[in-house]
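Enquirer: Could you have a look at this structure, given as structure tokens, before my questions?
The values are calculated or read from the model by the stated rules, or taken from the named source; none is laboratory data. The structure presented is a predicted model; accordingly, all values stated were derived computationally and were not measured. When we count neighbours, we look across all protein chains shown, and the Cβ atoms used for this are built from the backbone with ideal geometry, even at glycine.
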Amino acid sequence: MAPKQNDREARQARERLRAYQARQTVHLHKAKRRRRDNWVAGIAAVVIVALAVGTQLLYFSAGPGAAKASSSASPSSSAATVPPKSLAEDRTWTGTLTINNVPLGVSLDGAAAPQAVASTVSLVQKKFYDGLTCHRLTNGGFYVLQCGDPKGDGSGGPGYSYGPIENAPADNVYKAGTIAMARQGNNAESQGSQFFIVYEDTTIPSDQAGGYTVIGHVTSGLDELKTQVTDKGIEGGKTDGAPAVKTTIDGFTLQ
């Protein structure tokens with residue numbers, strides 16, 4: 001074979017090799033980029049889920065509906081004004097909680113949660129709740145309607161706070177119809193006037209302070225409350241915020 005032909009074939013072979021190597025480099029780069037993009041997408045998905053769950057957990061660890069710091073007096077400075085446990089009379093209290101003209105039959109357990117029920121009975125007797133709004137509704141895995149804040153923004157209370165946590169479910173499951181007290185995160189002594197009604201079975205993880213004081217249950221009218229209020233959703237289509245339908249406590253009676 002002539003030397004020129006050998007040189008040409010050698011040159012062509014080198015060009016083919018360079019082209020092959022270039023293709024391989026491009027292929028490897030694309031493969032790395034796909035792996036990187038998949039990894040980033042996976043991390044982003046995890047972050048999004050974590051933020052969604054974290055938001056709910058933060059919300060509940062701060063006390064259902066108590067996203068802002070309470071303006072109530074501290075437990076130590078307000079102990080004298082907290083109604084005595086004896087007011088609960090170690091018995092069951094029954095009555096009607098009317099919200100947006102929907103009468104809810106309620107039953108409060110003064111034996112299981114004497115301090116919280118005593119406070120609630122005292123506030124009801126003073127007509128503290130009449131005219132207050134239910135300022136917060138959740139439906140993103142947590143199904144509660146939050147009421148009882150005189151400020152209407154989650155930061156108000158009756159002028160005192162109390163503890164301890166009473167009658168919290170050991171499994172953290174709050175059945176539909178449960179009425180429980182809101183509180184600040186990791187603070188068992190921060191209960192006041194705010195309470196929440198669970199309208200569908202909901203798991204609320206305990207924090208360092210424990211769970212949430214269950215004072216009683218809705219015995220009738222829950223389906224109508226769901227139809228008139230909770231099924232209407234939340235302002236702006238959110239999963240956590242003010243009810244789309246303005247929600248007000250018309251009256252609260254106990255006997």
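Enquirer: I need the full set of residues from the range 198-211 which are among the aliphatic types (A, V, I, L, M) and under 12 Å from the mean Cα position of the chain (by Cα), in order please.
Expert: V198, I204
Enquirer: In the range 212-226, what count of residues is obtained for those that are within 24 Å of G152 (Cα to Cα), over 13 Å from the mean Cα position of the chain (by Cα) and either surrounded by 23 or more Cβ atoms within 10 Å (Cβ to Cβ) or not small (G, A, S) (or both)?
Expert: Number satisfying all stated conditions: 10.
Enquirer: Additional query: Among the listed residues T230, T178, which satisfies the condition of being more than 25 Å from A88 (Cβ to Cβ), hydroxyl-bearing (S, T, Y), surrounded by 20 or more Cβ atoms within 10 Å (Cβ to Cβ) and modelled with pLDDT of 95 or more?
Expert: Only one candidate passes the filter, namely T230.
Enquirer: Could you tell me which residue of the range 181-197 is surrounded by the most Cβ atoms within 10 Å (Cβ to Cβ), considering only residues that are closer than 26 Å to G105 by Cα and touching a Gly at 6+ places or on another chain (Cβ under 7 Å)?
Expert: Only one residue fits best here, namely Q191.
Enquirer: Of all residues in the range 155-166 being among the small types (G, A, S) and crowded, with 22+ Cβ neighbours inside 10 Å, which is farthest from A188 (Cα to Cα)?
Expert: G157
Enquirer: Okay, next question. Please work out which one of (1) buried (at least 19 other Cβ atoms within 10 Å of the Cβ); (2) free of Cβ contacts under 8 Å to residues at least 40 places away in the same chain; (3) out of contact with any helix residue (DSSP H, G or I) (no Cβ under 8 Å at 6 or more places or on another chain) is the condition C134 fails and give its number.
Expert: All conditions are met except number (2).
Enquirer: Can you tell me which residue is farthest from G216 (Cα to Cα) among those in the range 82-134 that are among the acidic types (D, E) and assigned to a loop (DSSP other than H, G, I, E, B)?
Expert: Per the stated criteria, the residue is D130.
Enquirer: Moving on. Tally time: how many residues in the range 135-186 are assigned to a strand (DSSP E or B), among the hydrophobic types (A, V, I, L, M, F, W, C) and over 19 Å from G251 (Cα atoms)?
Expert: Summing the residues that are assigned to a strand (DSSP E or B), among the hydrophobic types (A, V, I, L, M, F, W, C) and over 19 Å from G251 (Cα atoms) in the range 135-186 gives 3.
Enquirer: I'd like to know if the range 73-87 contains one or more residues that are modelled with pLDDT of 95 or more, over 24 Å from the mean Cα position of the chain (by Cα) and within 25 Å of L225 (Cα to Cα).
Expert: Among the residues of the range 73-87, not one is modelled with pLDDT of 95 or more, over 24 Å from the mean Cα position of the chain (by Cα) and within 25 Å of L225 (Cα to Cα), which makes the answer no.
Enquirer: Just one of the numbered conditions (1) among the aromatic types (F, W, Y); (2) at pLDDT 95 or above; (3) farther than 26 Å from E200 by Cβ is not true of W39; which one?
Expert: Just one mismatch for W39, condition (2).
Enquirer: Filter the range 141-153 down to the residues that are surrounded by fewer than 22 Cβ atoms within 10 Å (Cβ to Cβ) and within 26 Å of N101 (Cα to Cα), then identify the one that is modelled with the lowest pLDDT.
Expert: Selected residue: F142.
Enquirer: Please give the number of the condition L108 fails out of (1) surrounded by fewer than 21 Cβ atoms within 10 Å (Cβ to Cβ); (2) within 16 Å of I215 (Cα to Cα).
Expert: Among (1) surrounded by fewer than 21 Cβ atoms within 10 Å (Cβ to Cβ); (2) within 16 Å of I215 (Cα to Cα), L108 violates only (1).
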